[in-house]
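Trainee: Attaching a single structure in structure tokens format; questions to follow.
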Amino acid sequence: QEQPVESGGGLVQPGGSLRLSCEVSGSTFERFFMSWYRQVPGKQRELIAHITPGNIPTYAEPMRGRFNVSRDIFKNALYLQMNNLKPEDTAVYYCGSSRWPGEPESWGLGTQVTVSS
């Protein structure tokens, strides 16, 4: 599989919004199970959301309501819209892809999101 490439991270104030993107090259993007995770130094990687090839999302309970995952098969892109961001959302955000449900087979390098005033 091609390695996903994340973008869109940066510094945002508490209460702000940010949209992350993840691009996966190749012609089979629409068949992949895609995921967003995040990781804070010293802690385990934490699931944010999955989305199936049929565009059915599933969110980790703490992320429900503020985070929205979507996919654009024409751009081979996965998105994560994050709203009402809080300082505790500060982390490196990773995109993962897989041919089947569960742990991603391929990971991006991550994009840093910092929520601070």
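Trainee: Please compute the net charge surrounding Gln112, taking Lys and Arg as +1 and Asp and Glu as -1 over other residues with Cβ under 11 Å from its Cβ.
Mentor: 0
Trainee: Please compute one quarter of the surface area of the Cα convex hull for the chain and express it in square nanometres.
Mentor: Averaged projected hull area, Cα only: 6.6 nm².
Trainee: If the elastic network links every pair of Cα atoms under 10 Å, which of Ser35, Ser70, Ser97 fluctuates the most in the Gaussian network model of the chain?
Mentor: Ranking Ser35, Ser70, Ser97 by mean-square fluctuation puts Ser70 first.
Trainee: Here is a follow-up. Ignoring ligands, DNA and RNA, what percent of the 1.4 Å accessible area of the chain is carbon and sulfur?
Mentor: Summing carbon and sulfur atoms, their accessible area is 51 percent of the total for the chain.
Trainee: Got a sec? Charge dipole of the range 1-102, +1 on Cβ for Lys and Arg, -1 for Asp and Glu; which of Phe32, Val92, Phe67 is way out at the positive end?
Mentor: Phe67
Trainee: Still on this model: Most fluctuating residue of Gly15, Gly54, Gly42 in a GNM of the chain with Cα springs under 10 Å: which is it?
Mentor: Residue with maximal mean-square fluctuation among Gly15, Gly54, Gly42: Gly42.
Trainee: Where both residues lie in the range 10-117, what percent of DSSP beta bridges are antiparallel, nearest 5?
Mentor: Of all bridge pairs located within the range 10-117, approximately 90 percent are antiparallel.
Trainee: Among Arg19, Arg71, Arg38, which one shows the biggest mean-square fluctuation in a GNM of the chain, springs joining Cα atoms closer than 10 Å?
Mentor: Arg19
Trainee: Mind checking the dipole of the chain: about its Cα centre, +1 per Lys or Arg Cβ, -1 per Asp or Glu Cβ, Debye to the nearest 20?
Mentor: 200 debye
Trainee: In nanometres, what is the gap between the two model label sites at Ser70 and Thr114, each 7 Å from Cα along Cα-to-Cβ?
Mentor: 2.9 nm
Trainee: Now, a different point. What does the accessible area per residue of the chain come to in Å², with a 1.4 Å probe and no ligands, DNA or RNA counted?
Mentor: 54 Å²
The values are calculated or read from the model by the stated rules, or taken from the named source; none is laboratory data. A quick note: this is a predicted structure, and the numbers were derived from the prediction, not measured. All Cβ positions, glycine included, derive from the backbone under ideal geometry; neighbour counts span all protein chains shown. Just the protein is used for accessible areas: all its heavy atoms, side chains included, with ligands, DNA and RNA removed. Shrake-Rupley method; radii C 1.70, N 1.55, O 1.52, S 1.80 Å.
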